[in-house]
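What follows is a single structure, written as structure tokens, with notes after it.
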Amino acid sequence: MYIVQIASECAPAIKAGGLGDVVYGLSRGLSNQGHNVEIILPKYDCMRYDQIGEMSEAYQDLWVPWNNGSIHCTVLYAEIYGQKCFFIESHSNENFFNRNKIYGDWDDPLRFAFFSKASLEFLLKSGKRPDIIHCHDGQTGLIPVLLYEIYQHQGMGNQRVCYTIHNFKHQSVALRNVLGAAGLGDHLFTDDRLKDNGRHDAINFMKGGIVYANHVTTVSPHHAWEARFSSEGYGLGSTLGVHHEKFSGILNGIDDKFWNPKVDKYLPTNYGIADFELKARNKKALRERLWLRDPDKPTPRPIVAYIGRLDAQKGVDLVLHAIDYALFRSAQFVLLGSPTGNELGRLFGGKKNHFNNNPDVHLELTFNEELSHLVYAGADMMIVPSNYEPCGLTQMISLRYGTVPIVRGVGGLKNTVFDVDYDESIAPEKRNGYVFYQTDHSALDSALGRAIDLWYNNPEDFVELAKQGMRYDYSWKDPAQEYVKVYDKIRVPSAI
Ligand code: ADP
């Protein structure tokens, strides 16, 4: 099958969170199964150019219809670790993709509406006719809308769209003038297909994606249920209800080459289940790197970690509390997090200062891919106390690195982590972590406390639990097959 992914991120070159991992990992998973996969991305100024192969011009003068005129673009081609990528470079005064950041500007919906339009224009003009266009999240929700309203009448009648929602909170809501800029009729607002379910003066790209795509997925089976039936659909539950027959949850995977402690190039010492004891060398290296004291002689201490965006979604209150609780229980704590707003930046900045001279805590308030690998390998436990978590990758990566996850039982966390003490639904030898359900401090304390108790009192059982986690295969092998089933269901047979 010929599949084109259209997205705003692709790891490791463009990554703000899990979306980037998924776009890269799924593409590689599909390529490994023999499919022809290409990825279309914006050409940002802030990409990690050191993670991208040599660029060459793929399409010189792409004129993209926009705002009753057209905008001149160039499309460049390069590989990101073996995956074929096309980068849209726009030469407009709006400077759409040269903002020194991926997201966070007032005109984000407009920027990504333009990207969506330019991607389809590129497919049209370059003669590319994929069986499947797979687009992702609010940023590219207009792709199926544009395809069925405009491009199918211009020679793209056989293309079908799979639309994956990674985060219902960020829906790309814009004023209706974006419709006109993108060449779409105002009736899409008045007849409710794109009108935001809450703000009656606005259009919603994600809603458009749900209404127009041939199939819609979100990133775990449990989150598919939450999005429809709880507040976690952020106002789109009713739209999903109308379109429930084409909506399903497919668990994300993790890239098994990129996230593999046996070959991970960022680790000072590689290790696997058979030589698990070598993991300790990474713990030592982590302490040295982050100026934590090494108390292993005479009294050893576990390292508890948190990696992730510092966002209300992630349960930041519990993250802060976990630092205090870990110290109280004689554990060390490492945090690698990127604050998503000024307020949280100030809050965590204050905490960082507070713990500055504490040899058992380190807060690193940046996005640092390389360091994240060392934290996954060096820590003993990883907390994921999210308020909601569509899938979550940190717990799956932690499992692969033999770092025991302690998670709140929501979304994909519920589908991937099984409590060692309490999960009766699964055999004891398949259990892999700790799960709590409430959002109060004592809920986290009881789960983290059980983990720390096991680490101190039954170290051999703790190592066995970590190894049980490492035996899980959360690679892209199965999820990629699930996606192929969806593609097969919706695609137009090539004979037509
Ligand atoms: P989300 O997509 O909501 O951010 P996920 O758990 O799905 O959360 O994915 C998070 C991904 O981003 C993981 O690969 C994680 O390691 C990475 N990550 C998050 N924050 C950081 C950071 N500050 N530095 C390095 N990697 C990070």
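The numbers here are math on the coordinates, done by the rules we state, and not lab data. This one's a predicted model, so the numbers in the text were calculated from it and none came from an experiment. Using ideal geometry, Cβ is built from the backbone for each residue, glycine included, and neighbour counts are taken over all protein chains shown.
Sorting 375, 75 from the fewest to the most surrounding beta carbons within 10 angstrom yields 75, 375.
The peptide list 52-65, 201-214, put in order of mean Cβ contacts within 10 Å with the highest first, becomes 201-214, 52-65.
Just in the range 53-156: which trypsin sites (Lys or Arg not before Pro) are loop by DSSP and have at most 14 other Cβ atoms within 10 Å? The qualifying sites are 101. Farthest toward the positive end of the dipole of the range 276-470, out of 338, 469, 455, is the Cα of 338, where the dipole comes from beta carbon charges about the Cα centre.
Estimated from the Cβ-Cβ distance and a Förster radius of 30 angstrom, the FRET efficiency linking residue 284 and residue 421 is about 0.50. The calculated 222 nm mean residue ellipticity attributable to helices in the chain amounts to -10500 deg cm²/dmol, summing -39500 (n - 2.57) over DSSP H runs of n ≥ 4 and dividing by all residues. Of the beta bridges in the chain, as assigned by DSSP with both residues counted there, near 30 percent are antiparallel. Ordered by the number of other Cβ atoms lying within 10 Å of each residue's own Cβ, fewest first, 403, 217, 439 fall into the sequence 439, 217, 403.
Shape class of the chain from the alpha-carbon gyration tensor: prolate, with a/c at 1.5 or above and a/b greater than b/c. Sorting 34-46, 233-245 by average packing, meaning the other beta carbons within 10 Å per residue, from highest down gives 34-46, 233-245. Each Lys or Arg adds one and each Asp or Glu takes one away; over the other residues whose Cβ falls under 14 Å from the Cβ of residue 265, this sums to -3. Extension gain, residue 238 to residue 439: 0.36 nm times the residue separation minus the Cα-Cα distance gives 69.7 nm. With R₀ set to 51 Å, the beta-carbon distance separating residue 342 from residue 492 gives a calculated FRET efficiency near 0.60. Charge tally for residue 27 (other residues, Cβ to Cβ under 9 Å; Lys, Arg +1; Asp, Glu -1): +1.
Each peptide in 250-261, 22-33, 147-158, 279-290 receives the mean, over its residues, of other Cβ atoms within 10 Å, and ordering these scores from highest gives 22-33, 250-261, 279-290, 147-158.
Judged by the ratio a/c of the largest to the smallest principal axis of the C-alpha gyration tensor, the range 276-470 counts as oblate, that ratio being 1.5 or greater while a/b is no larger than b/c.
Stretched out straight at 0.36 nm per residue, the stretch from residue 324 to residue 366 would grow longer than its current Cα-Cα span by 13.0 nm.
The overall shape of the range 26-174 is rounded: from the C-alpha gyration tensor, with semi-axes ordered a ≥ b ≥ c, the ratio a/c is less than 1.5. Placing +1 on the Cβ of every Lys and Arg and -1 on the Cβ of every Asp and Glu, with no other charges, gives the range 45-204 a dipole of roughly 320 debye about its Cα centre.
The long axis of helix 441-457 is offset from the longest Cα principal axis of the chain by roughly 50 degrees.
A DSSP coil position with no more than 15 other Cβ atoms inside 10 Å describes the following trypsin sites (Lys or Arg not before Pro) in the range 449-495: 471. Straight-line cross-link reach from residue 284 at under 23 Å between alpha-carbon atoms covers these lysines, not counting any fewer than eight positions away in the same chain: 262, 265, 297, 352, 467. Counting neighbouring beta carbons within 10 Å and listing from fewest to most, the residues 190, 218 come out as 190, 218. Each other residue within a Cβ distance under 10 Å of residue 81 adds +1 if Lys or Arg and -1 if Asp or Glu, for a net charge of 0. For the chain, the longest principal axis of the C-alpha atoms and the axis of helix 477-490 are separated by about 20°. With a simple spin-label model that places each label point 7 Å from the Cα along the Cα-to-Cβ direction, the separation between residue 190 and residue 353 comes to 5.6 nm.
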